[in-house]
Every structure is written in C-alpha cells, then in structure tokens.
C-alpha cells in the first residue's frame, strides 16, 4: 500500500511538518523552500514528511531529487489514491516531532504562519486551528458551501470552529497521534479531540490563490461531510455520556421486545418468530446495558477533563 523513503534525519525532532500531495509536481519544490525558510530561523530541529497520495505526474521524482540534498525530508508514497485523510494520517504516523504541523501541498497555505501558530500552542493549548481570513477561492463552489458546513459542524459538535476545512493546524504530537482518522474525518479533528480534553485555539492565517494545477475537491464532497458529521456526533455522544447513550439504545431494544411479546398468543396460537424476536431484542437490551456500564467506567472522568471554554477565538482580522 505504501512505500517510505527515509532521509538521514537527526534522532531528536522538535517539529514535524506533514504535507499530503497529489499530482503537485510544480508545487512540491516551492513548498519545500517555503517551509525551510519559515523554520530555519527558529533554531529548532525539524523534519518534513511529504505523503504522496498516488500521484501520476512527476511529484515523486521531484521529491526524491529534493531529498537527495535535504536529509530532513521523508517521503511516504501510496501506490494509489486513498484520499487526503489517509495521506494525512500516514504523515502523522511517520512524524517524530513533539509538535506536528499539517498543511496542504498546493501552496495555498503559507508556511510563514507556522512560527506564530507554534507560539500560540506553547501558551498552553493542545491544538491551534488556522482560519483563512482572506480566502482565495471561488465564492459559490467553495466559500459558500464552506460557511454553511462550518456553521452546521459547530451546531452539531458544539465546537465553534470558523474554518474546519483549513488544513493548516498545529498539534501536540501526543494528542494528534491518539485521534483516529478515516473517511474524510480530517475536517473534524478539532471536534474529535474534545473527548481527550484538548484545549483548542484558532488564529487567522494567510491564504493564497492556487498557482499550479487544479483543485481536487468539488461540491460532491458535501455528501461525505454530512455522513461523517453523523458519525462524529454519534462518537461524541458516546464519548461524553456513554452510559446514557447505551441506555437509550437498550430502551429502544426493550420496546421492540415488548411489542413482539404482545403479539405472542394474541390470537391463541404460538408464534415461533415472535418468540425469537423477543429473545433477540431482550438479550440485546441486556447486552447494551452492560456495555454502557463498562464504557461508562472507562470514560467516567471524560467530562471532568474537558475545559469549560475549550476554544479561544481571536478578534476579526483584516
């Protein structure tokens, strides 16, 4: 599925920058140069993990050429296209830094914002989310759907993030490595960190117009976002109040068992199917109650670990 090219990276890494790329042959060179320019002045050891998501152009040859001269670059390669979330997760898995940075590889995110975001993180936060204050995208196909999605995600998850779609984020390594990602879940990382007791801040970042290639996303992703939002809400409910969630399901199962029991013998005959349904849903109800008790014991301190106001939002910038 994947192949990895490791350069001669120093053993102690402070900052890891993870960049998923897909058919970005013209962008990887300038992106590498921009990251280097942004981080060299910090005087802190860092690495770059570029994850190629099955590119069919010259992305890999150009990355390999860069890696020959820069030992801080690690290349992770997928044999086919798996999507941005899978590529991001691969980068996070291979990263070794205490602090992790994720960003797009199309040059629309600006690596020059990374030092500022690291400073914010070190004020005591676990995750700093960028929001594009002057987004350089099409209004109807990108900006409007994004605003609606951000509003909806905030209402459903209870976490008012301005720009969930911005890939430029900075994390503490021990936090992000505990967050499971699949499907298109990279948009919901802030919400998925809440059960872990994360403190989240968001800061305005720069956003540039795409210079090379074309966007890999269209309006069709809206349906994926809606489906993933249902999954996220379910996970949050069970993570915050696992016993209550399982008890509701157990009650529903018990109701189904009761309805089936009322049908047994209603006309004076024995009904094997209804009896089997009663046994099935009755057993399921008991199983869910026990499962709720177990998960409740596991997450009993989950709510207490959540800060009362987990998100800090800066004033509107120009």
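Annotations for the structure displayed:
- The stretch 16-29, subset over 19 Å from the mean Cα position of the chain (by Cα) and under 24 Å from residue 186 (Cα atoms), residue surrounded by the fewest Cβ atoms within 10 Å (Cβ to Cβ): 25
- Filtered by the rule that a residue be out of contact with any strand residue (DSSP E or B) (no Cβ under 6 Å at 6 or more places or on another chain) and buried (at least 23 other Cβ atoms within 10 Å of the Cβ), the stretch 165-191 gives 186, 187, 188, 189, 191.
- Looking across the stretch 55-69, the residues that are surrounded by 16 or more Cβ atoms within 10 Å (Cβ to Cβ) and either assigned to a loop (DSSP other than H, G, I, E, B) or touching a helix residue (DSSP H, G or I) at 6+ places or on another chain (Cβ under 7 Å) (or both) come down to 55, 59, 62, 63, 66.
- Among all positions in the stretch 40-47, there is at least one residue which is part of a strand (DSSP E or B), at pLDDT 95 or above, crowded, with 21+ Cβ neighbours inside 10 Å and in contact with a strand residue (DSSP E or B) (Cβ under 9 Å, 6 or more places away or on another chain).
- Residue list for the stretch 168-200, restricted to those being assigned to a loop (DSSP other than H, G, I, E, B) and in contact with a helix residue (DSSP H, G or I) (Cβ under 7 Å, 6 or more places away or on another chain): 168, 177, 178, 179, 181, 182, 183, 184, 193, 198
- Complete set of residues in the stretch 17-60 that are free of Cβ contacts under 8 Å to residues at least 12 places away in the same chain and farther than 17 Å from residue 108 by Cβ: 40, 43
The values are calculated or read from the model by the stated rules, or taken from the named source; none is laboratory data. Everything quoted here is computed from the prediction, not taken from an experiment. Please note: Cβ atoms are built from the backbone with ideal geometry, for glycine as well, and neighbour counts cover all protein chains shown.
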